[in-house]
1. For residues in segment 538-565 being among the hydrophobic types (A, V, I, L, M, F, W, C) and over 19 Å from Leu114 (Cα atoms), which is surrounded by the most Cβ atoms within 10 Å (Cβ to Cβ)?
2. Mind listing whichever residues of segment 626-636 are assigned to a helix (DSSP H, G or I) and surrounded by 18 or more Cβ atoms within 10 Å (Cβ to Cβ)?
3. Of the residues Phe73, Phe39, which single one is touching a residue at least 40 places away in the same chain (Cβ under 8 Å) and closer than 25 Å to Leu356 by Cβ?
4. Among Met88, Met72, which is the only one that is of a type in the set (A, V, I, L, M) and in a helix (DSSP H, G or I)?
5. Listed residues Ala167, Ala208, Ala198; which is of a type in the set (A, V, I, L, M), in contact with a Leu (Cβ under 7 Å, 6 or more places away or on another chain) and modelled with pLDDT under 95?
6. Assess whether Ser704 counts as being modelled with pLDDT under 95, under 14 Å from His607 (Cβ atoms) and surrounded by fewer than 21 Cβ atoms within 10 Å (Cβ to Cβ).
7. Being surrounded by 22 or more Cβ atoms within 10 Å (Cβ to Cβ), among the polar types (S, T, N, Q) and assigned by TED's automatic domain parsing to the domain that holds Lys675, is that true of even one residue in segment 592-614?
8. Out of Ile688, Ile670, Ile692, which single residue is β-branched (Val, Ile, Thr), touching a helix residue (DSSP H, G or I) at 6+ places or on another chain (Cβ under 8 Å) and over 30 Å from Asp197 (Cα atoms)?
Amino acid sequence: MKIESFKYDNRIVRAFAIATVIWGLVGMSAGLLAAIQLFWPEANLSLQFVTFGRLRPLHTNAVIFAFVGNGMFMGVYYSLQRLCKARMFSDALSWINFWGWNAIIVAAAITLPLGLTTSKEYAELEWPIDIAIALIWVAFTVNLLGTIIRRREKHLYVALWFYIATALTVAVLHIVNSMEMPAGLFKSYSVYAGVQDALVQWWYGHNAVAFFLTTPYLGLMYYFLPKAANRPVFSYRLSIIHFWALIFLYIWAGPHHLLYTALPDWAQSLGMVFSVMLVAPSWGGMLNGLLTLRGAWDKVRQDPMLKFMVVAVTAYGMATLEGPMLSIKSVNSLSHYTDWTIAHVHTGALGWNGFLTFSMLYYLFPRLYRTSLYSVKLANWHFWLGLLGIMFYAVPMYWAGVTQGLMWKEFTKDGFLQYPNFLETVLQIVPMYRLRAIGGSLYIIGTAIGAYNLYKTAKSGVFEPDTEAQAASLSETSHSGPAEKGHRWLESKPVLLTILAVVAIAVGGLVEIIPMFLIQSNVPTLSSVKPYSPLEVLGRDIYIREGCVGCHSQMIRPFRSETERYGEYSKAGEFVFDHPFLWGSKRTGPDLHRVGGKYPDAWHYNHMENPRSTSPGSIMPPYPWLLSQSLATNALPARISALRKIGVPYPAGYENGQAQKDLALQAKKIVANLKIGAVTNAPADSEIVGLIAYLQRLGTDIKSAPKTASAEPALSPAVAATLTTTH
């Protein structure tokens, strides 16, 4: 048998490892600053580039795609070569992957604080960057599949199944969800509208969690955990069930983010049922990981890498039990839009993805630099500070979430809302926000200690750029042994396995999405709903730019507590011209779908200039730049034209003159209304005028609208008494 010599490429692994550490510190620091702003709004230093609304998507993108993304590539490039007994298919593609991916992250770090965003959660980046993401992901996929084709190992190990599913599914999700109509170099509108946009977005959003944060990390677990423990995977059969059941079921679960919304009930129920079924394969994978360590617990106690891994797998099990539980409608009615969801997400992000990434880093650095870990003691400090940080983060957020959900729904014995003013619920949970910031600080301190430990480890060793290896070629080994059947046979057919994986992930998406686009009755229209006026279009774009959707929903659910508080529940037909939809996923502030006509124009002006002048104790930051910056009226023709191309029925040529006249007329009326409210210095072309126009339009297309009021309901005496001490 002919033995071939070759070299594993460690340079690309080291590059992704260093990027992982750097972006981890950056992304977590952005998250900590955002967390501090929720109890100390002045922490943005009155800079429009670091308000919570702009900082939140920067934080999520930096942690998901920069920290976890680089960590994923780091682990995949290391393990893939060794599982295939082959160098990467193309060194050039490896480096295109590295530099391209990190250039995209830098672009995100620049554009998101500038307010250049689509507002779609986990998909906020604008269309030129979306195209770049697709191209770089293709480079990665070609490199992955090319290496598998050139492998010297006949069978594909379980980790490789998860890598294949990740590469293909993320590509499909990104391309379908990022279909948008450009209206400028860094401005676009989703081609989908309202209910359809919501379904596609959360089909993507949930499965970005599934196929970017979960499936690749499960593959990495299946490689690094047995390697570090020096034990085989507990059950080969369980890994087969885990893989196929997971990728088939996961893709159906997106609608559980839209329970009790205007999404058709059949889609909501479908998402709930498949979400509940996800418990089985998820826990199968968790148990497969933990039981691999049977008989190796003494090693776990001594090896920091395995400590991180055990907590990571346990956090995965906790999050994948809680997720299906939150998908049950009765539970979701309490949890949705609250901080409960934030706690759930960060159990997975900090525990599963964060700790597994740290585990890989502690495994790889000594091997890349041919030395031992600089300090086991520092690694243990990192572990315990990180674990304590997760507890201080998650527990207060669970407390805050349940408190919010219960207070929103509480009625007095006479049938009135116990807490009619939304601000009362906000003030009640401010102490929990402070504790959350303490937890985040502990986690970051641990990460910084880990970064120092890894740096000192690298300095104490000598980097090995290429690792010499030997193996027989696949042609030498493929015909030996008895004929194989079943899954073992499939593992020797990577093309067929890839095709079957694509079929498995495609079924659920097609069943959910196609009826929403082909059956008109699934998205009923309302004759009273008209397109936004030109001024409202620009105002809506400002609302999107400032990240208002990060704190305010525009979806009143059919609960008595919500209709009493906000007005008539939201109908699917009201959103047919919303490109993109703005239903939101978290209420740090009240729902705004029926805010139109609720307050005078001057109230909105004063609220944006100084929120605490209209809402004492508010944790919303001021937006003084809206009062001085001018509307982007020169961009209006391109935006009206783009919206017409995706179905908004503006008359042909409307943008070439009449739109500007309509904008000026509506702006003039708002300025006149502001003068009635003693605001005499508002220019008609200021951004605040456009934002007021949009806010006053919300919810007014149907007439059985909101209860009117000139101001927020009075705070209860107990809450009012806390204002002087809380803020």
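1. Narrowing segment 538-565 to residues among the hydrophobic types (A, V, I, L, M, F, W, C): 538, 542, 544, 548-549, 551, 555-556, 559.
When the remaining residues are screened for being over 19 Å from Leu114 (Cα atoms), the result is 555-556, 559.
Details: Met555: 27, Ile556: 24, Phe559: 14.
Only one residue tops the list, namely Met555.
2. Passing the criteria: Leu626, Leu627, Leu636.
3. On inspection, the qualifying residue turns out to be Phe73.
4. Met72
5. Testing whether each residue is of a type in the set (A, V, I, L, M), in contact with a Leu (Cβ under 7 Å, 6 or more places away or on another chain) and modelled with pLDDT under 95 leaves just Ala208.
6. Numbers: modelled with pLDDT under 95: yes; under 14 Å from His607 (Cβ atoms): no; surrounded by fewer than 21 Cβ atoms within 10 Å (Cβ to Cβ): yes.
Answer is no for this residue.
7. Within segment 592-614, not a single residue is surrounded by 22 or more Cβ atoms within 10 Å (Cβ to Cβ), among the polar types (S, T, N, Q) and assigned by TED's automatic domain parsing to the domain that holds Lys675.
8. Ile670
The values are calculated or read from the model by the stated rules, or taken from the named source; none is laboratory data. Not measured: the values here are computed from a predicted model. So basically every Cβ, Gly included, is an ideal-geometry build from the backbone, and we count neighbours across all protein chains shown.
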